[in-house]
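Please treat every number below as a calculation from the coordinates, not as lab data. Computed from a predicted structure; not experimentally measured. Here the Cβ positions follow ideal geometry from the backbone for every residue, glycine too, while neighbour counts run over all protein chains shown.
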């Protein structure tokens with residue numbers, strides 16, 4: 001019986017991927033470069049060392065990834081100051097259901113703890129509502145490497161196959177799948193590519209739909225695998 005759920009943050013719990021999609025091209029423009037929408041989307045949840053490598057592939061060796069990333073961070077903060085942080089539909093209901101049903105609920109994100117706490121403090125789901133926080137800053141490699149999910153499972157004392165990972169973007173899906181977690185996708189910005197579909201335990205239009213899925217799984221477990 002699976003009783004642990006690990007949530008990605010940006011694009012999964014909070015509606016911020018749309019901001020990253022705008023901020024990356026604006027940051028590159030400040031350095032005289034043009035970034036396509038497709039290139040911006042490819043950076044979703046991409047962690048170290050993969051993001052700097054992707055930048056070199058797209059813009060050549062002369063690009064200063066750290067400087068561009070800092071500019072993007074500044075632009076993101078300006079956008080958030082103007083437009084705020086909104087939760088994804090169904091986030092509150094799903095987390096409340098999980099907690100009431102006795103699940104362990106954790107966050108596994110590329111975002112550091114300070115920003116995660118600050119962002120969630122603007123919502124109905126402050127960081128204190130979660131049992132554990134795991135950041136890619138705590139592991140050697142970020143997504144799409146499996147490190148963050150393997151580390152999260154280690155910290156929680158569970159096997160990856162006994163966890164659901166809720167993700168929105170390709171790099172996060174790959175990370176969770178490579179770790180051996182059961183991946184529940186709630187796509188944001190784009191639908192999963194065909195090659196990712198076999199990696200998914202389920203695909204949902206909103207977080208709210210996961211509640212019905214979990215209830216059916218719980219019923220099946222109680223009935224020995226039969227509904």
Check: Using Cα atoms only, what is the angle between the long axis of helix 91-100 and the major principal axis of the chain, expressed in degrees (0 to 90) to the nearest 10?
Finding: 40
Checklist line | Helix 170-179 axis, angle to the chain major axis (alpha carbon atoms, nearest 10°) | finding: 50
Notebook entry, point to check: Any idea how far apart residue 122 and residue 85 come out in nm if each label point goes 7 Å out from Cα toward Cβ?
Noted result: 0.7
Notebook entry, point to check: What is the order of 188, 10, 205, fewest Cβ neighbours within 10 Å to most?
Noted result: 205, 188, 10
Next item on the list: Can you tell me how much longer the chain between residue 93 and residue 53 gets when fully stretched, taken as 0.36 nm per residue apart minus their C-alpha distance, in nm with one decimal?
Entry: 10.6 nm
Margin query: Taking the beta-carbon count within 10 Å as an exposure proxy, list 42, 100, 206 from fewest neighbours to most.
Written below: 100, 206, 42
Note to self: Tell me the label only: which of (1) 18.0; (2) 18.8; (3) 19.8 is Kirkwood radius over Cα pairs in Å as calculated from this structure?
What the structure shows: (1)
Checklist line | the chain: antiparallel DSSP beta bridges as a percent of all, rounded to 5 | finding: 5
Check: For region 17-83, what is the Kirkwood estimate of the hydrodynamic radius, computed as the reciprocal of the mean inverse distance between distinct Cα atoms, to one decimal in Å?
Finding: 11.9
Item checked: Helical mean residue ellipticity (222 nm; -39500 (n - 2.57) per DSSP H run of 4+; nearest 500) of the chain -> -13500 deg cm²/dmol
Next item on the list: Taking the chain as the reference, fit the longest principal axis to its C-alpha atoms, fit the long axis of helix 147-156 to the helix C-alpha atoms, and give the angle between the two in degrees, 0 to 90, nearest 10.
Entry: 40
Next item on the list: Determine, from the Cβ-Cβ distance of residue 18 and residue 114 and an R0 of 35 Å, the FRET efficiency 1/(1 + (r/R0)^6), rounded to the nearest 0.05.
Entry: 0.95
Item checked: Average Cα contact separation per residue, region 1-158, under 8 Å, 6 or more apart, as relative contact order % -> 30
Notebook entry, point to check: How far apart, in nm, are two points set 7 Å out from the Cα along the Cα-to-Cβ line at residue 33 and at residue 100?
Noted result: 4.8
Item checked: Inter-label distance for residue 162 and residue 189, nm, one decimal - labels placed 7 Å from Cα along Cα-to-Cβ -> 3.4
